Amino acid sequence: MATIKSASVKVMLSYNYNHFEACLNLENDDGLTMHEVDEARKQCQRLCDKALVQYQKSKNHEANRARNEMEKRSLEREVTEIRAKDKSLWSVTDKAKVKALEDHNWDLRWDYNDDDDDYRWSN
């Protein structure tokens, strides 16, 4: 059996019109075993799988953020109408909406944009 001096492993995945690809090149003057080539293929597949999961997570996060932005704008409009009324006429629901918006705006003060940890991968 001939000794394999170098090998190239490539894995390609497509998901939702996005393409994920990883390529590993192996080279060893002493030669490579089929087991080493297969292990490289598996590692390459894992990298593509991680990219796909990261993409799905990011896509879902952005979809939720967009939905929440629309809900927030709607709530802001409602609260503007509520605040135009005399406070003694506010219903329990009106008070809850005003408080929810105030709490949301308060929480935004502490958003340090460090949520990147959700998208980092451990080795």
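Laboratory data are not the source of any read-out in this text; all were calculated from the coordinates shown. For clarity, every value in this text was computed on a predicted model and none was experimentally measured. No Cβ is skipped: glycine too gets one built from the backbone with ideal geometry, and neighbour counts run over all protein chains shown.
Would you please give the residues with an amide H less than 5 Å from that of ILE4, counting only those at least 5 places away or on a separate chain, with H modeled from the backbone geometry?
For ILE4, the qualifying residues are LEU32.
Given 0.36 nm per residue, what is the gain on full extension from GLU39 to ARG77 after removing their alpha carbon distance, in nm? Before the final figure, lay out the partial values.
On the way: separation 38, 0.36 × 38 = 13.68 nm, distance 5.70 nm.
Taking GLU39 through ARG77 to full extension adds about 8.0 nm, to one decimal.
Under 17 Å Cα-Cα from LYS87, which lysines qualify once same-chain neighbours fewer than 8 residues away are excluded?
Within reach: LYS95, LYS97, LYS99.
List, in order, the whole-Hz ³J(HN,Hα) value for each residue of segment 80-94 obtained from phi through the Karplus relation with A = 6.51, B = -1.76, C = 1.60 and θ = phi - 60°; use x for Gly and Pro.
Values, residue by residue: 4, 5, 5, 5, 6, 8, 5, 4, 5, 9, 5, 7, 4, 5, 4 Hz.
If the cut-off is a Cα-Cα distance under 24 Å, which lysines reach LYS59, setting aside same-chain residues fewer than 8 apart in sequence?
List returned: LYS50, LYS72.
Run the simple label-point estimate for ASN25 and GLU69 please: 7 Å along Cα→C-beta, distance reported in nm.
With each label point 7 Å from Cα toward Cβ, the separation is 4.1 nm.
Any lysines with Cα under 21 Å of the LYS5 Cα? List them, leaving off those in the same chain fewer than 8 positions away.
LYS42
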